[in-house]
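Engineer: Here it is, the structure, as structure tokens.
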Amino acid sequence: MKKNEKIICHCNGVSEKAVVKTIHQKGAIGMNDIQRLTLAATGCRRCFAQVEEILLSELDKLKVNGLQLKINFNEDK
Ligand code: FES
């Protein structure tokens, strides 16, 4: 972790950048993944909502970039 990175989880010293990196580079798609891979939100859990907000925001960016596969099984031809 670099000196000027914004710390999100003070219990475990996890930065916002580490959370984002875990989503984009390690494929985290849920809070369980984030907690397991970074230890963020595994202590007092005060940061849980903030970490979850980052997760949802980054997952939205992935959808915008077209990385989500959408299949409509109800489509009639
Ligand atoms: S601040 Fe993240 S678990 Fe306590």
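The values are calculated or read from the model by the stated rules, or taken from the named source; none is laboratory data. Computed from a prediction, not measured in an experiment: that's the story for all the values here. Glycine gets a Cβ as well: all are built from the backbone with ideal geometry, and neighbour counts include every protein chain shown.
Engineer: List pairs: first residue in segment 27-51 and without any contact (Cβ under 8 Å) to a residue 60 or more places away in the chain and under 14 Å from LYS17 (Cα atoms), second residue within 9 Å of the ligand (Cβ to nearest atom) and part of a helix (DSSP H, G or I) anywhere in the structure, Cβ distance under 8 angstrom, at least six positions apart or on different chains.
Structural biologist: Short answer, once both residue conditions are applied: ILE34/VAL51; ALA40/VAL51.
Engineer: Restrict the check to segment 17-35 and report whether at least one residue is among the basic types (Lys, Arg), closer than 17 Å to LYS61 by Cβ and surrounded by 14 or more Cβ atoms within 10 Å (Cβ to Cβ).
Structural biologist: Yes, there is a match, as at least one residue in segment 17-35 is among the basic types (Lys, Arg), closer than 17 Å to LYS61 by Cβ and surrounded by 14 or more Cβ atoms within 10 Å (Cβ to Cβ).
Engineer: Any residue that is charged (D, E, K, R), more than 14 Å from the chain's Cα centre (by Cα) and at pLDDT 95 or above - is there at least one of those in segment 7-16?
Structural biologist: Going through segment 7-16, the residues charged (D, E, K, R) turn out to be 16.
Narrowing further to those that are more than 14 Å from the chain's Cα centre (by Cα): none.
No.
Engineer: Residues of segment 1-16 being under 17 Å from GLY43 (Cβ atoms) and either within 14 Å of the ligand (Cβ to nearest atom) or surrounded by 15 or more Cβ atoms within 10 Å (Cβ to Cβ) (or both), which ones?
Structural biologist: Scanning segment 1-16 gives ILE7, ILE8, CYS9, HIS10, CYS11, ASN12, GLY13, VAL14, SER15, GLU16.
Engineer: Within segment 1-43, can you find the residues that are part of a loop (DSSP other than H, G, I, E, B) and out of contact with any strand residue (DSSP E or B) (no Cβ under 9 Å at 6 or more places or on another chain)? Give the derivation first.
Structural biologist: We begin by selecting, within segment 1-43, every residue part of a loop (DSSP other than H, G, I, E, B); these are 1-6, 10-13, 27-30, 39-43.
LYS3, ASN4, HIS10, CYS11, ASN12, GLY27, ALA28, ILE29, GLY30, listed by residue number.
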